[in-house]
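Engineer: Pasting in a structure now, in structure tokens, and then I'll have a few things to ask.
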Amino acid sequence: MKNVDDLIDSAAELAERGLSKGEIADELNVSRETASWLVERGGGAETAEASGATVSADIHVDWSALGRDSTRLGYAASAMADLLAKQGEEVDLTVGIEKAGAPLATAVANQLDTDLGTYAPAKHQWEEGDIDEHGGGFSRNFAAIRNRDCYVVDDIITSGTTMRESIDAIREQGGEPVACVVLVDKMGYDDIDGVPVYSLVDVVRVDRDE
């Protein structure tokens, strides 16, 4: 994707396929607010203006060059695993945040020789209204938290909301998140709720007064 028009077209296509706005945000690696704005714009300029849809500045990250090639994805996961390798002594579980974080977590878990768990965040169910009305959950098809120390893996940190939710969910299950790792951190976090955050790329916005 090269420009905003491409994003609007993609958002419209995903909406037509029945994805929620939260899932669209996840697919396009943008905030929920940006996803909502893109979907409204995809309905036509008049629809967007009538709804009063607005969005603050955001950064779209396209890492599909990694995602569509298993070898490249493996290289990226090796670098992510290296960032985690010295964190914790008893970590035997890597938790991937669905959807995009799961394949990365699979490769990271392989590198670090840990079990694999996955967490589906509340935003996947979000369409309109208060996201707090929705809940996320861990897949029963993968390893359980069971009071274990774990790493948390995702692709992008946009606002930190999803990572914070995942950390809280792990703690509610008695687990202890030791460190988080992502491909790109748009916010430049050092930690989230006391859990160190590592990223291959930090994005820093520079606003200049003309």
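The values are calculated or read from the model by the stated rules, or taken from the named source; none is laboratory data. Computed from a predicted model, the values in this text were never measured in an experiment. When we count neighbours, we look across all protein chains shown, and the Cβ atoms used for this are built from the backbone with ideal geometry, even at glycine. For accessibility, only protein heavy atoms count, side chains too; no ligands or nucleic acids. Shrake-Rupley method; radii C 1.70, N 1.55, O 1.52, S 1.80 Å.
Engineer: How many residues does the range 107-145 contain that are among the basic types (Lys, Arg) and either closer than 22 Å to GLY188 by Cα or at pLDDT below 90 (or both)? Even if it seems obvious, please write down each step before you answer.
Structural biologist: Within the range 107-145, the subset among the basic types (Lys, Arg) is 123, 140.
With either closer than 22 Å to GLY188 by Cα or at pLDDT below 90 (or both) added as a condition, the list becomes 123.
Within the range 107-145, residues that are among the basic types (Lys, Arg) and either closer than 22 Å to GLY188 by Cα or at pLDDT below 90 (or both) number 1.
Engineer: Just to be sure, is VAL95 modelled with pLDDT of 95 or more, touching a Ser or Thr at 6+ places or on another chain (Cβ under 8 Å) and in a helix (DSSP H, G or I)? Write out each step before concluding.
Structural biologist: On the way: modelled with pLDDT of 95 or more: yes; touching a Ser or Thr at 6+ places or on another chain (Cβ under 8 Å): yes; in a helix (DSSP H, G or I): no.
Judged against the criteria, VAL95 is not a match.
Engineer: Within the range 22-56, restricting attention to residues that are open to solvent by less than 30 Å² (accessible area, probe 1.4 Å), modelled with pLDDT under 80 and not in a loop (DSSP other than H, G, I, E, B), which residue is nearest to GLU98 (Cα to Cα)?
Structural biologist: My answer is ASP26.
Engineer: Now for a different question. Just to be sure I understand, how many residues within the range 134-188 are farther than 15 Å from THR94 by Cβ, within 16 Å of the chain's Cα centre (by Cα) and charged (D, E, K, R)?
Structural biologist: The number of residues fulfilling the criteria is 5.
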